[in-house]
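Visitor: Structure provided below as structure tokens; questions to follow.
The values are calculated or read from the model by the stated rules, or taken from the named source; none is laboratory data. Nothing here was measured: the structure is a model prediction, and the numbers come from that model. Neighbour counts are summed over all protein chains in view; Cβ atoms, including those assigned to glycine, are modelled from backbone coordinates with ideal geometry. For the accessible areas, the whole protein counts, side chains as well, though only heavy atoms, and no ligand, DNA or RNA atoms are used. Shrake-Rupley method; radii C 1.70, N 1.55, O 1.52, S 1.80 Å.
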Amino acid sequence: MSVFIIGEVGINHNGDLALAKKLIDIAADAGCDAVKFQKRTIEKVYSKEMLDSPRESPWGHTQREQKEGLEFGKSDYDVIDAYCHEKGMAWSASAWDVDSQRFLQQYDLCFNKVASAMLTQDDLLQTIAAEKRHTYISTGMSTMAEIDHAVDIFRKYDCPFTLMHCNSTYPMAETDANLRMISTLKERYQCEVGYSGHETGILVSLLAVAAGATSIERHITLDRSMYGSDQKASIEPNELKELVQKIRLTEAIMGTGNKILSDAELAVRKKLRG
């Protein structure tokens, strides 16, 4: 089974549907299997005090204006849905509240996603698990006890899932990757384990594949210098294309684990052993 590669658009579209389409284009061109967005009900996720606090952005001077400027509504997601179908690209979004997950239910998504920040939100996890749609669960910022609890919810609802090893720093230092956690999670929960990365470059993601990750998720951007909190922890189009190509090469290099004598090796055997 090939590694499932997700291009995380997230909020790097900056509220611009044309930019979102360009990010879908670069993911499709690179050979990603899917793209992912983020969906929030602003008033449910953030307090009024926080939303009223100051923040300079292209949309105004408050946190509310910045958050609302980054949020897509139904007409936008209708376009995204149609465009991804046109491109043959699967898509999904990580909901940050129950209303947002219910909003996403109107689309025929091939998977759900639990963001690391939401791993302890039981109401949201139960809403997602009740769909019984394959779910990628990021584990950044989480204790093993918190991961235990989330896994228990998904198993209670008999919902298939993949845990995503993750370090929630933006960007993450490569030495903080702790990729041995991939095998730790796999052994503890007897499930598929992927890697959701926030580092710069592609080395850690390739090593994650070599360490057994069955899926890779990376934030993507047209240009890391663009406005946005996630841009610096994203990879640009040429990097994304290289990443996908080298993931496929890494899979081939790792092989099947079965001892096989190729025709080329048999020829050498005949020569050296007679």
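Visitor: Accessible area of the chain with a 1.4 Å probe: how many percent of it is carbon plus sulfur?
Guide: Values: 6740 of 13200 Å².
Its accessible area is 51 percent carbon and sulfur atoms.
Visitor: Quick one: accessible surface of Lys113, probe radius 1.4 Å, all protein chains present, in square angstrom to the nearest 10.
Guide: About 10 Å², rounded to the nearest 10.
Visitor: How many angstrom lie between the Cα centre of the range 103-139 and the Cα centre of the range 1-45?
Guide: Value for the Cα centre distance between the two parts: 16 Å.
Visitor: Report, to the nearest 10°, how far helix 263-273 tilts away from the longest principal axis of the Cα atoms in the chain, using its own Cα long axis and a range of 0 to 90°.
Guide: For 263-273 against the chain, the angle is about 30 degrees.
Visitor: Follow-up question, since we're still on this one. Please report the Cα spread of the range 197-274 along all three principal axes, rounded to whole Å, starting with the longest.
Guide: 66, 21, 13
Visitor: Let me ask something additional. Where does the charge balance sit around Leu266 when Lys and Arg score +1, Asp and Glu -1, over other residues with C-beta under 15 Å from its C-beta?
Guide: Values: positive: Lys259, Arg269, Lys270, Lys271, Arg273; negative: Asp263, Glu265.
Once positives and negatives cancel, what remains is +3.
Visitor: In addition: Evaluate the distance, in nm, between pseudo-label points positioned 7 Å from the Cα of Thr250 and of Gln106 along their respective Cα→Cβ axes.
Guide: Taking the two extended label points, one gets 3.8 nm.
Visitor: Just to be sure I understand: of the beta bridges DSSP finds with both ends in the chain, what percent are antiparallel, rounded to 5?
Guide: Values: 2 of 34 bridges.
DSSP beta bridges in the chain are roughly 5 percent antiparallel.
Visitor: Please check: in the Gaussian network model of the chain (C-alpha springs, under 10 Å), which one of Ile260, Ile11, Ile235 has the largest mean-square fluctuation.
Guide: Ile260
Visitor: Which of the pairs Lys44/Lys241; Lys113/Lys156; Lys246/Lys270 have their Cα atoms more than 26 Å apart in this structure? Don't jump to the answer; show the numbers that get you there.
Guide: Working: Lys44/Lys241 37 Å; Lys113/Lys156 18 Å; Lys246/Lys270 33 Å.
Pairs exceeding the cut-off: Lys44/Lys241; Lys246/Lys270.
Visitor: Under the Kirkwood approximation applied to all pairs of distinct alpha-carbon atoms, what is the hydrodynamic radius of the range 1-60 in Å? Spell out each step's value before the answer.
Guide: Numbers: mean 1/r = 0.0724 Å⁻¹.
Roughly 13.8 Å, rounded to one decimal.
Visitor: Quick one: the Cα spread of the range 25-81 along its three principal axes, in angstroms, biggest first?
Guide: 42, 21, 17
Visitor: Just from its helices, what would the mean residue ellipticity at 222 nm be for the chain, if runs of 4 or more DSSP H residues each count -39500 (n - 2.57) and the sum is divided by every residue, rounded to the nearest 500 deg cm²/dmol?
Guide: Numbers: 12 runs with 119 residues, N = 274.
Helix-only estimate at 222 nm: -12500 deg cm²/dmol.
Visitor: Excluding ligands, DNA and RNA, what is the solvent-accessible area per residue of the range 44-101 at a probe of 1.4 Å, expressed in Å²? Please list the in-between numbers first.
Guide: Numbers: 2920 Å² over 58 residues.
I get 50 Å² per residue for the range 44-101.
Visitor: Given bins 5 angstrom wide, list per bin the percent of all Cα-Cα distances in the chain, short to long.
Guide: Taking all Cα pairs of the chain, the binned fractions are 1, 5, 12, 16, 18, 16, 13, 8, 4, 2, 2, 1, 1, 1, 0, 0, 0 percent.
Visitor: Take the chain, connect every pair of alpha-carbon atoms lying under 10 Å apart with a spring to form a Gaussian network, then pick out the residue of Val209, Val79, Val244 with the largest mean-square fluctuation.
Guide: Checking each option, the largest mean-square fluctuation is seen for Val79.
Visitor: FRET efficiency for Glu131 and Lys74, Cβ-Cβ distance as r, R0 = 22 Å, nearest 0.05?
Guide: Efficiency at R0 = 22 Å is approximately 0.70.
Visitor: State the Cα centre-to-centre distance between the range 159-236 and the range 51-75 in whole Å.
Guide: Answer, in whole Å: 28.
Visitor: So, one more: Quick one: go through the range 243-266 and flag any residue whose amide nitrogen is under 14 Å from the point 7 Å out along the Cα-to-Cβ line of Leu272.
Guide: Correct set: 261-262, 264-266.
Visitor: I've got another one for you. State, to one decimal in nm², a quarter of the convex hull surface area for the C-alpha atoms of the range 158-220, i.e. the direction-averaged projected area. List each step's numbers first, then the result.
Guide: Details: hull surface 17.6 nm².
Its average projected convex-hull area is 4.4 nm².
Visitor: Next question, about the same structure. Give the Kirkwood hydrodynamic radius (Å, one decimal) of the range 128-274, defined as one over the mean of 1/r across all pairs of different Cα atoms.
Guide: Details: mean 1/r = 0.0576 Å⁻¹.
Here the Kirkwood hydrodynamic radius works out to 17.3 Å.
Visitor: Need the full-extension length gain, Leu203 to Asp123, defined as separation in residues times 0.36 nm minus the C-alpha distance. One decimal, nm.
Guide: On the way: separation 80, 0.36 × 80 = 28.80 nm, distance 3.63 nm.
Extra length from Leu203 to Asp123 when fully extended: 25.2 nm.
Visitor: Once R0 is set to 30 Å, what does the formula 1/(1 + (r/R0)^6) return for the Cβ-Cβ distance between Ser57 and Asp25, expressed as a FRET efficiency to the nearest 0.05? Show your work: numbers first, answer last.
Guide: Working: r = 25 Å, r/R0 = 0.85.
That gives a FRET efficiency of 0.75.
Visitor: Along the charge dipole of the chain, pointing to its positive end and built from +1/-1 on Cβ of Lys, Arg, Asp and Glu, which listed residue (Phe37, Trp59, Leu203) has its Cα farthest out?
Guide: Most positive-ward Cα: Leu203.
Visitor: Could you work out how much longer the chain between Ala145 and Ala18 gets when fully extended? Use 0.36 nm per residue separation minus the Cα distance between them, nm to one decimal.
Guide: Working: separation 127, 0.36 × 127 = 45.72 nm, distance 4.17 nm.
Result: 41.5 nm gained on full extension.
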